[in-house]
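One structure is given below, encoded as structure tokens.
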Amino acid sequence: MFEGVTMLTAALSMTALGAGLGAMLGIAARRFHVETPPIVDEIEQLMPGTNCGQCSFPGCRAAAEAVAGGNAPVTLCPPGGRDLALQLAEVTGAGDAIESELAGFEDAAPQVAFIFEDHCTGCTKCFKRCPTDAIVGAAKQVHTVVTDACIGCDACVQVCPTEAIILRGKPRTLANWYWGKPDLSHTATMLGRAT
Amino acid sequence: MSFSLAHLMNPTGLFALNGGIHPQGRKFLTADAAIEAMPLPSLIRLPLRQHIGAQAEPLVKRGDEVLKGQMIARARGSVSAHVHAPTSGRVIAVGYFAAPHPSGLPVPTVTIRPDGKDRWGPRLPRIHIEDASADEIATRAAEAGIVGMGGAGFPAAVKLHLGRKYDLDTLIINGAECEPYLTCDDRLMREHAEEVVDGAAIMAKALGVQRIIFGIESNKPEAIAAISRFRHALGYTISIKVLPTQYPMGSGNHLVKIITGRETPARALSAELGIVVHNTATAHAMHLAARYGEPSLSRVVTVSGRGVKTPRNLRVLVGTPVTEIIDHCGGLTGTEEQLLLGGPMMGFPIRSLRIPAIKSTSGILALTKAELRKSQAMPCIRCGSCVQACPSGLTPFEMNARIQADNLEGAVEIGLMDCIACGCCTFMCPSNIPLVQGFSYAKGRLAEKQSQEHQREETKRLAAARTAREEAIAAAKREAMAKRKAQMAEKKRREAEAKAAEGAAPGAAPEGAVK
């Protein structure tokens, strides 16, 4: 009988404690609720969402907050490039002022990680860090990068103990090759009209 | 056909093509050169993608012996084509080699060294065309790896299966060959008229259409005469439309327009109008595949231009290096300015002579200075020549202005995507502005943007999936931890109880006493 009472007391007190703390948390959440400006959500929607950290903010959410608060330029996101900068400028209302700022801002050529297989020890550190699961491999197996999924965020390069990973330009294939923009100041060769 | 006033006014029964140009044909260089089979080359290089669609999957490895007609790469996915060994020999490499493509980028390629015996492997099984079903014939085109031989290289089987989805009534065989210099289709029709007509009839059977119309430009009277000698095949009676000599008459949708008067909707298939267009050489390949079980192993290529010593029409094996083809024509004169694969209007300059001719290579041209013009682009004078020349009814000068100002979306708004890249605008421009080059750039840039957009969405999805997975793992860990803790606590409690019980037992206090 004595043991039964002890157990009941313990269970009851734990329940009471849980319910009490839960209620407190609930009340606190309502009482101290911080209204996030909807613009932050809107900006976060535009962001690549990979939390790669190239903007030096901890994740896209933080970057969105910084942009919304005016603490970061709209050009902060390298993966987003020029297009994202323009969209952000529109959302934040930077408007025409941004045009001049973007004048010199060209998209950096997309970069992807590349693993030198000779140097890879199969330590799995990189694929644990990859935000998009773009690295495949297993312990003590040579890893490789799925180029299409890689966003070139540098996270894997940072952790590789043997410096086997580099970032390089995305390889050109027939699928993504296209003619260059014709330069009107140069001569062009065309089929003659008459001979 | 019922009597109509319109027909009285238009005795040719043809409809007008808006725009277009009349470049010098220069077909006389090879028009009288009969098709000659080229001897076996010393090497065969077969890119695994000679068609529009997915790359074929190699079935051979280095060192394998292959026989003529043996499949060496299998089509992958619904839009793709098999690749066959065009002669017997040994596979000496399965790797990368420069593509017959303006970029010259390396692409997966199977290299075969012919053994000189040209031994046939098993041919495709015989089918009796007269009672074969539509599906059987279309499947045969797929087995034979036939692709559109007019230049685009769209897998023929996919087009032959269109009968399943659309209500088709007409097959148009494209014998326009409007590109200057090229005479390969002309020679094929002159020399193999019966086979071409038979191939067309086989295709018509696969499509389930009632009408076959040959569209041939008026500058090929011999081809027209040859085809009209064989107007009946497989119960079909073909009709021939003599088209005015005008570039780009051979563009599929424009051919449909001029023959039937019906315009294909923007970015749709002519099949929606019940019409399918196939090239002459494709019809010939179909004939060989259906009647003799021969896969697509060779094609007729026009080697022309003043830069070639003896311009010719050659039947070359798919994969023959361009340099060997040119050597067979006596080599280059040394005065050539530009080497092109395909026609001079829509073909592309090549960087290396070692690249192979493939299923869709219709011509190899070496053009001299006199045949080309090299000129400095001048400002646009808004003369409107390009607008008049554009067969798609676009305003090239305005599109170009927008593209030069990096306003690609603006160019799309005024019809960039309806541009067929025929080059009429560039040809006509008195200021020598590289208009079509700009459009090709813009289309490529837009496609890249689209794929980047797609990639961005996909990586977002991947990142979200990873976060979700990590959270799930963390939650599972927490749960397991809590469970273990609870178990430990339980264990401890039991141990304590056991101890207490042990301590109580020797004390000889009966349980009842406590109560």
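Per-structure values
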| item | result |
| --- | --- |
| Test: B:G63 is more than 23 Å from B:H101 (Cα to Cα) and crowded, with 17+ Cβ neighbours inside 10 Å | no |
| Residue in region B:242-252 that is at positive phi and either outside the structural domain of B:N18 (by TED's automatic domain parsing) or not in a strand (DSSP E or B) (or both) present | no |
| Single residue of region B:306-351 satisfying the filter (away from chain A (no Cβ under 14 Å) and touching a Gly at 6+ places or on another chain (Cβ under 6 Å)) that is farthest from B:M38 (Cα to Cα) | B:T333 |
| Residue, nearest to the other protein chains (Cβ to nearest Cβ), within region B:352-379, restricted to residues that are hydroxyl-bearing (S, T, Y) and surrounded by 22 or more Cβ atoms within 10 Å (Cβ to Cβ) | B:S360 |
| Hits in region A:144-170 - residues which are of a type in the set (D, E, K, R) and in a strand (DSSP E or B) | A:R168 |
| B:D167 surrounded by fewer than 20 Cβ atoms within 10 Å (Cβ to Cβ), over 15 Å from B:H287 (Cβ atoms) and not β-branched (V, I, T) | yes |
| Neighbours by Cβ (under 9 Å, 6+ apart or cross-chain): first from region B:451-480, facing chain A (nearest Cβ under 9 Å) and polar (S, T, N, Q); second surrounded by 16 or more Cβ atoms within 10 Å (Cβ to Cβ) and assigned to a helix (DSSP H, G or I) | B:Q452/A:G81; B:Q455/A:A149; B:T459/A:A149 |
| Residue among B:D64, B:D32, B:D115 that is among the charged types (D, E, K, R), away from chain A (no Cβ under 12 Å) and under 29 Å from B:R187 (Cβ atoms) | B:D32 |
| Candidate set: region B:425-450, residues that are closer than 24 Å to A:G152 by Cβ and surrounded by fewer than 17 Cβ atoms within 10 Å (Cβ to Cβ); chosen: the one nearest to the other protein chains (Cβ to nearest Cβ) | B:G444 |
| Verdict on A:E44 being assigned to a helix (DSSP H, G or I), within 23 Å of A:A149 (Cβ to Cβ) and in contact with a helix residue (DSSP H, G or I) (Cβ under 8 Å, 6 or more places away or on another chain) | yes |
| Pairs with Cβ under 6 Å, 6+ apart, first in region B:123-152 and under 15 Å from B:K359 (Cα atoms), second hydroxyl-bearing (S, T, Y) and in a loop (DSSP other than H, G, I, E, B) | B:A144/B:S296; B:G145/B:S296; B:I146/B:S296; B:G151/B:S360; B:G151/B:S362 |
| Top-ranked residue in region B:259-306 [being surrounded by fewer than 24 Cβ atoms within 10 Å (Cβ to Cβ) and touching a Phe, Trp or Tyr at 6+ places or on another chain (Cβ under 6 Å); ranked as nearest to B:I202 (Cα to Cα)] | B:A271 |
| Subset of region B:280-316 (residues that are over 19 Å from B:L341 (Cβ atoms) and among the small types (G, A, S)) | B:A283, B:A285, B:A289, B:A290, B:G293 |
| Long-range neighbours under 9 Å by Cβ, at least six apart or interchain, first residue farther than 23 Å from B:G151 by Cα within region B:52-81, second assigned to a loop (DSSP other than H, G, I, E, B) and of a type in the set (V, I, T) | B:V66/B:V60; B:V66/B:T87; B:L67/B:T87; B:K68/B:T87; B:Q70/B:V60 |
| Residue tally, condition at negative phi and in a loop (DSSP other than H, G, I, E, B), over region B:405-445 | 11 |
| Checking B:G150 against (1) over 14 Å from the mean Cα position of the chain (by Cα); (2) in a loop (DSSP other than H, G, I, E, B); (3) closer than 24 Å to B:K205 by Cβ, the condition it does not meet | (1) |
| Residue ID - nearest to B:L435 (Cα to Cα), chosen from residues in region A:139-181 that are in contact with a His (Cβ under 8 Å, 6 or more places away or on another chain) and in the same structural domain as A:E117 (by TED's automatic domain parsing) | A:A164 |
| Test: residue in region A:79-86 that is assigned to a helix (DSSP H, G or I), modelled with pLDDT of 85 or more and surrounded by 21 or more Cβ atoms within 10 Å (Cβ to Cβ) | no |
| Residue ranges of strands (runs of 3 or more DSSP E) in region B:68-117 with at least 3 members of a type in the set (V, I, T) | B:89-98, B:106-114 |
| All positions within region B:416-431 that are more than 22 Å from the chain's Cα centre (by Cα) and aliphatic (A, V, I, L, M) | B:M428 |
| Flag if A:D107 is within 14 Å of chain B (Cβ to nearest Cβ), modelled with pLDDT under 80, surrounded by fewer than 18 Cβ atoms within 10 Å (Cβ to Cβ) and part of a helix (DSSP H, G or I) | no |
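Residues are listed down the side, and each one gets a yes or a no for (1) of a type outside the set (F, W, Y); (2) closer than 23 Å to B:H22 by Cα:
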site: B:I146; (1), (2): yes, no
site: B:F154; (1), (2): no, no
site: B:L168; (1), (2): yes, no
site: B:L171; (1), (2): yes, no
site: B:P180; (1), (2): yes, yes
site: B:T183; (1), (2): yes, yes
site: B:R187; (1), (2): yes, yes
site: B:R190; (1), (2): yes, no
site: B:V197; (1), (2): yes, no
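Residue by residue, here is whether (1) within 13 Å of chain B (Cβ to nearest Cβ); (2) closer than 23 Å to A:P58 by Cα; (3) surrounded by 12 or more Cβ atoms within 10 Å (Cβ to Cβ) holds:
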| site | (1), (2), (3) |
| --- | --- |
| A:A134 | yes, yes, yes |
| A:A139 | no, no, no |
| A:I151 | yes, yes, yes |
| A:C156 | no, yes, yes |
| A:V159 | no, yes, yes |
| A:A164 | no, no, yes |
| A:K170 | yes, no, yes |
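The values are calculated or read from the model by the stated rules, or taken from the named source; none is laboratory data. Just so we're clear, the structure is a prediction, and the values are computed from it rather than from any experiment. As a convention, Cβ positions derive from the backbone with ideal geometry for all residues, glycine included, and neighbour counts pool all protein chains shown.
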